[in-house]
1. Relative contact order of region 14-137, please, whole-number percent, based on alpha carbon pairs below 8 angstrom and at least 6 residues apart.
2. Taking H placed 1.01 Å from N in the peptide plane, check which residues at least 5 places from ILE128 or on another chain put their amide H under 5 Å from its amide H.
3. Quick one: length gained pulling LEU254 to ASP301 fully straight, 0.36 nm per residue minus the C-alpha distance?
4. What are the residues whose amide H is under 5 Å from the amide H of GLY27, where those residues sit 5 or more places off or on another chain and H is modelled from the backbone?
5. Amide H to amide H, which residues 5 or more places from ILE333 or on other chains are under 5 Å from it, using H placed in the peptide plane?
6. Just need the relative contact order of region 105-163 here, percent rounded to a whole number, with Cα pairs under 8 Å and 6+ apart.
7. Can you work out ³J(HN,Hα) from phi for every residue in region 302-311, in order, using Karplus 6.51 cos²θ - 1.76 cosθ + 1.60 and θ = phi - 60°, giving whole Hz and x for Gly and Pro?
8. Provide HIS50, HIS332 ordered by accessible surface of protein heavy atoms (probe 1.4 Å), highest first.
Amino acid sequence: MVIRMGVKDLQDLKKLSMLRSQIDGKGIAKIMNDEFKTVKPDNCVVDALHIMKETGAQDIPVVDGNEYIGSVGYGTLLKKKGVLLDSKIRTVMTGAPSVSKEANITDVAELMITTNARQIPVIGNKKIKGVVSRSALIEVAAGIKAFREIKVWEIMSTAVETVKENDTLDAALEIMRGLDIRTVPVTDNNNSVIGIVGMKEIIDHNWRRKDRQTVGDLSGKNNPSAILVESLCATAPETISWDDTIGKAAEMMLTSCISTLPVVENRRLVGILTQYDIIEMMAACKEREVMFVQISGLDDDDKIYSDAIDKMIQYEMGKIAKVKRPQSLTMHITRYGAQGAKNKYSINSRLILDGDMLAAKEIGWDLMKVVEDMLKKLVLMVMDMKKSKIDQRKKIK
């Protein structure tokens, strides 16, 4: 499955420079929030979950005294599955990115893309001065005319994982864990969107359970058949048309405090637009001398292939560079449940190059073969673009 998209305002260096100036001109100090909650390493997991419930934040900074030392996130807790609610934060916290007030907003955007962070602390003298959230970046994007006029179909993801009402919560969680996402659309048999289930609904559900002992218990992990998606999903979710603008999408996200919009055409699901997609567009405006490559989702067992994948990317991008200059390539790799000793892989990729955005998806049993096929698909798409333009010129003549 492939789709070609064009983002006209990223077509040349002059426009790119103007966009970068508009984004970075806001300044970190103007968009950061200086009112935020923290936890200490000797607090318990349940304390962090209470803050998540209270504030809606899914990543909480960890401080030792006044010094920032890491973060605890709901997504990380779910991946660990068996974490006890009385476990100390120090046993589950992770290292987390941070920035200074002097950083550019495009730097923050790129950091959010590379780490999939929901908010990033702003540090001065090892102390947290504030946090920059994804919503803060969406507000910046909403104020930039060139971004507001881009159509939803130009940057939406077309490879969408969904669940049905009668699926178990565990099925939705597995999708979230595999793709490192926090929201999954709920569809009926006609592929119409009838609901949405995400971390917010799961966290809200947590506090209705009296027998909880672990994070896994909170999600129904120990008895997944007991909790169905229909019992938790938000019904009548916000959706957006594929032909609407990013400006409208950004306003909907900010007004409704949501991060994900299912994209519909004639009421049927055709894609998904997230804050991540808009922030990725902002990150593409960052000034850089080399191509930006981000690979996420590789399991520890598959990281032995990292060097080989890098070489494959360099080789295929070299072919593309002869036609158009590639600016950024993002790849998310999902490994599905094993059949015997084998795993199935799915790769979603997005390539930005001189004003065009290409997306491709590839699925298969051999990781390296899937990567190779996906990259070759992108090369063919670029070559088809070149051929189409040559044919167009011939017609004009």
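The values are calculated or read from the model by the stated rules, or taken from the named source; none is laboratory data. All figures in this text were calculated on a predicted structure; none of them were measured in a lab. Virtual Cβ from ideal backbone geometry, glycine too; neighbours counted across all protein chains shown. Side chains are part of the model used for accessible areas, which takes the heavy atoms of the whole protein and leaves out ligands, DNA and RNA. Shrake-Rupley method; radii C 1.70, N 1.55, O 1.52, S 1.80 Å.
1. 30
2. Close amide H contacts, sequence-distant or interchain: TYR68.
3. Fully extending the segment from LEU254 to ASP301 adds 13.0 nm.
4. Answer set, sorted by chain and number: ILE105.
5. Hits under the 5 Å cutoff: SER296, GLY297, LEU298.
6. Once normalised by length, the contact order is 19 percent.
7. In residue order, the calculated couplings are 9, 5, 5, 8, 4, 4, 5, 5, 4, 5 Hz.
8. On the way: HIS50 95, HIS332 35 Å².
Of HIS50, HIS332, the descending order of accessible area is HIS50, HIS332.
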